[in-house]
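The next block holds one structure in the form of structure tokens; read it before the comments.
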Amino acid sequence: MSPHRSPSPPATRRPVLILCFDFDDRRLSRQPWYTAHGLALGLRAHGHEVTLLTDAERPPRRPGYTVLRVPRLLRRGRPSPDVRVIAQGLRPERVFLLGGLLELARLRRLRLGAPVHYILASPRLRPSEILAVGPAALWRERRFLWRPLANAFLPAPLLRRAVRRSGLAELVYLSPTTRERLRRRGLPAGRLLVPQLPKPVAMPATTLGRGPKTIGYFGPPLAARGAFLAVDAFERACARGGELRLLMVLRPDDPLALAALRRRIARSRWRRRITVEAGIFDAESLTRRLAGCDIFLLPFLAPISEVPLVVVEAAATGRPVILLDRPGVGDYGRRLGATVVERPRDLPTAILALAEGRRPAAGIAAHFADWRAATVPLLAAPEVATEPPLRMIALCGIDGAGKTTLADALSRALRADGAEPRRVWSRFRNYLSRPFLALMHLTGHCRRVHRDGITIGIRDFARAPFLGCLFLMLQTVDQILDIALRFRLRRGLLLADRSVYDTIVDLALDSGRPDLVFQHIAPLLLSLLPEPRLVVLVTRPPALIARDRPDTRLDGRTAARRLLYERLARAYDLPVIENRGTIQEALAALRGLLDGTVVARGDSAA
């Protein structure tokens, strides 16, 4: 019996499938569920038949499109059987999956029968931006901050592999800052989906005339959200002579955080100027409470979700808005006309400047209120991703091939073009393995060969399996440390004429276990190097090497080393430059490989 297949949909039916975790009816006014809801409305306005799948216990009943609940959306990074059955029946023309960086890192091949667009709903914060909340608040708010902290430390190679492995059609970003940070780490530069407002916020107009001004903060009482920072900035502004009031309308998400904030306000010298209202308010009640505010202060320290809806809502009131520059906050604040400051200590100055009327009120742009227009770019074919700047050029090859001379010539050429390459030379970086290698000199596994005034060092563990494995283990740790110190922490374009690629050949030869090195150690080490990168194998005829580098004659393993470099080039598809002529000819071949490639400047690393 042939397997059951659903009949082909009519030409007028254009189904679209959206997958969204925890799409609960109580969360539609919060991110990222608000974006999922707006996406569905925008696609429906284009004539698509929208079905949203979620694993929430209480999905919305009548949101204007079909919502189906399944026990699980994904299982071990793949669509659950329920999702596959629904997708097979709907046969959608495209699928949108909303998730964060952690979900992206776990993705496997999706195979839903349609292009899958992944909408990234979590920001890529730096660890310093999260740790700015302070150790006490970090511990108190750990259930909110563990995910942003994990996202900050996710290795870029892990995310790149997940994108390739899953077969995603494209990444869709909500924040320009997150897109740029991940693009610099080698992820696809996908398109932006700009979150919209369902309708303008009706609030009486305000003028920044004379008299006391009311500063408004609304949201959860979390340090990560900027609640404590808002109090600090308000106090410093008052201390500098500002006639100000502070109204804090708080959503009691965390009783411990709310109690901590109340204690903080009780200790304030300006506590009589601070009013706190805590509770769950509907839109009408919230609007009524905030109508008396002259300025909104929303200093997000560590945004938990991308493009918090409150930023757009505050700007839509026509009041001035003060924001701290964070992913999904500062970038949208600038587009909305808000005042965006780089550092927390600049907040009081911004408050006083706006209170004195020296800055105009923010006004919302028209394109922030139309989900149909916002979804137009998503319906076109995926854009061709622009390549991120080149972060590393590595020349590898046998000693005497001319790597250093060629690297010197390339460095001069790049500097003439306006780039600032940083030279890196990494060989024999023995950190933890130094005592072990010193001991191996006593056993004869490491030795020095002297002849005709020339000295070379040789390591040979081919006949000592246990010592060879211990050598590889220690050297692998040493290389991880060296990559972190010499490659990961340095910004701009790195130019290496001796790198981990050469060390892989050394380890394969010295240990006598090339299969172990190439199959297990090399993939690990190379995944840690900066990307994108250009790695070139430089070769030179043996006779020319022997003429220019007589020390290479002392190493009886030169032929084996050459074969290992050829294996390295085949395994990683490295371009090869044969340096048998002048250095200008080799440089011209290398520049040919770089034609059309954008190289990183000194500040291009994320």
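The values are calculated or read from the model by the stated rules, or taken from the named source; none is laboratory data. All values reported here derive from a predicted model rather than from experimental measurement. Positions of Cβ are generated from backbone atoms using ideal geometry, with glycine treated the same way; all protein chains shown enter the neighbour counts.
The table below lists the values:
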| quantity | calculated |
| --- | --- |
| Qualifying residue in the range 132-142 (condition: free of Cβ contacts under 8 Å to residues at least 40 places away in the same chain, more than 24 Å from ASP82 (Cα to Cα) and in contact with a Pro (Cβ under 9 Å, 6 or more places away or on another chain)) | no |
| Number of the exception - VAL310 against (1) part of a loop (DSSP other than H, G, I, E, B); (2) in contact (Cβ under 8 Å) with a residue 60 or more places away in the chain; (3) aliphatic (A, V, I, L, M) | (1) |
| Some residue of the range 447-456 being closer than 30 Å to MET392 by Cα and surrounded by fewer than 15 Cβ atoms within 10 Å (Cβ to Cβ) | no |
| Close pairs (8 angstrom Cβ cut-off, 6 or more residues apart or separate chains): among the small types (Gly, Ala, Ser) in the range 432-444, at pLDDT 85 or above and surrounded by 17 or more Cβ atoms within 10 Å (Cβ to Cβ) anywhere | SER433/PHE471; SER433/LEU474; SER433/GLN475; SER433/ASP478 |
| Within the range 275-295, tally of residues that are touching an Asp or Glu at 6+ places or on another chain (Cβ under 9 Å) and modelled with pLDDT of 85 or more | 0 |
| First in the range 490-515 and assigned by TED's automatic domain parsing to the domain that holds ALA407 and among the hydroxyl-bearing types (Ser, Thr, Tyr), second anywhere and buried (at least 23 other Cβ atoms within 10 Å of the Cβ) and in a strand (DSSP E or B), Cβ under 8 Å, 6 or more apart | SER499/ALA394; SER499/CYS396; TYR501/ALA394; TYR501/CYS396 |
| The listed residue being assigned to a helix (DSSP H, G or I), of a type in the set (A, V, I, L, M) and under 28 Å from GLY38 (Cα atoms), out of ALA260, ALA315, ALA237, ALA302 | ALA315 |
| Output for the range 478-511, where each listed residue is of a type in the set (A, V, I, L, M, F, W, C) and closer than 17 Å to PRO155 by Cβ | ILE480, LEU481, ILE483, ALA484, LEU485, PHE487, LEU489, VAL500 |
| Some residue of the range 23-38 being of a type in the set (Lys, Arg), out of contact with any Phe, Trp or Tyr (no Cβ under 8 Å at 6 or more places or on another chain) and farther than 23 Å from PRO123 by Cα | no |
| Condition met for ILE351 (at pLDDT 85 or above, surrounded by 14 or more Cβ atoms within 10 Å (Cβ to Cβ) and either touching a helix residue (DSSP H, G or I) at 6+ places or on another chain (Cβ under 7 Å) or not in a helix (DSSP H, G or I) (or both)) | yes |
| Scope the range 84-95; condition of a type in the set (Val, Ile, Thr), part of a helix (DSSP H, G or I) and surrounded by 16 or more Cβ atoms within 10 Å (Cβ to Cβ); matching residues | ILE86 |
| Flag for VAL249 being β-branched (Val, Ile, Thr) and either assigned to a loop (DSSP other than H, G, I, E, B) or crowded, with 19+ Cβ neighbours inside 10 Å (or both) | yes |
| The range 425-438, subset touching a strand residue (DSSP E or B) at 6+ places or on another chain (Cβ under 9 Å) and over 25 Å from LEU494 (Cα atoms), residue surrounded by the fewest Cβ atoms within 10 Å (Cβ to Cβ) | ALA438 |
| Output for the range 121-159, where each listed residue is touching a Lys or Arg at 6+ places or on another chain (Cβ under 8 Å) and either in the same structural domain as PHE228 (by TED's automatic domain parsing) or not in a loop (DSSP other than H, G, I, E, B) (or both) | GLU129, ASN151, ALA152, ALA156, LEU159 |
| Residue within the range 157-176 that is surrounded by fewer than 21 Cβ atoms within 10 Å (Cβ to Cβ) and more than 23 Å from ARG108 (Cβ to Cβ) present | yes |
| Test: residue in the range 96-110 that is modelled with pLDDT under 90, assigned to a loop (DSSP other than H, G, I, E, B), under 21 Å from LEU17 (Cβ atoms) and not basic (Lys, Arg) | yes |
| In the range 428-462, the residues that are of a type outside the set (A, V, I, L, M, F, W, C), part of a loop (DSSP other than H, G, I, E, B) and modelled with pLDDT under 75 | ASP452, GLY453 |
| Qualifying position, being farther than 26 Å from LEU524 by Cβ and assigned by TED's automatic domain parsing to the domain that holds VAL424, among HIS445, HIS441 | HIS441 |
| Of all residues making up the range 481-534, the number that are aliphatic (A, V, I, L, M) and surrounded by fewer than 16 Cβ atoms within 10 Å (Cβ to Cβ) | 5 |
| Unmet requirement for PHE471, which otherwise passes all of (1) closer than 15 Å to ASP510 by Cα; (2) among the aromatic types (Phe, Trp, Tyr); (3) surrounded by fewer than 18 Cβ atoms within 10 Å (Cβ to Cβ) | (3) |
| Total residues in the range 152-188, condition among the polar types (S, T, N, Q) and under 20 Å from LEU489 (Cβ atoms) | 0 |
| Count of the range 413-424 residues which are surrounded by 11 or more Cβ atoms within 10 Å (Cβ to Cβ) and either assigned to a helix (DSSP H, G or I) or of a type in the set (Val, Ile, Thr) (or both) | 4 |
| 3 or more residues surrounded by 21 or more Cβ atoms within 10 Å (Cβ to Cβ) and in contact with a strand residue (DSSP E or B) (Cβ under 7 Å, 6 or more places away or on another chain): qualifying strands (runs of 3 or more DSSP E) within the range 12-83 | 15-20, 49-54 |
| Among residues of the range 263-291, those that are touching a residue at least 60 places away in the same chain (Cβ under 8 Å) and outside any helix (DSSP H, G or I), counted | 1 |
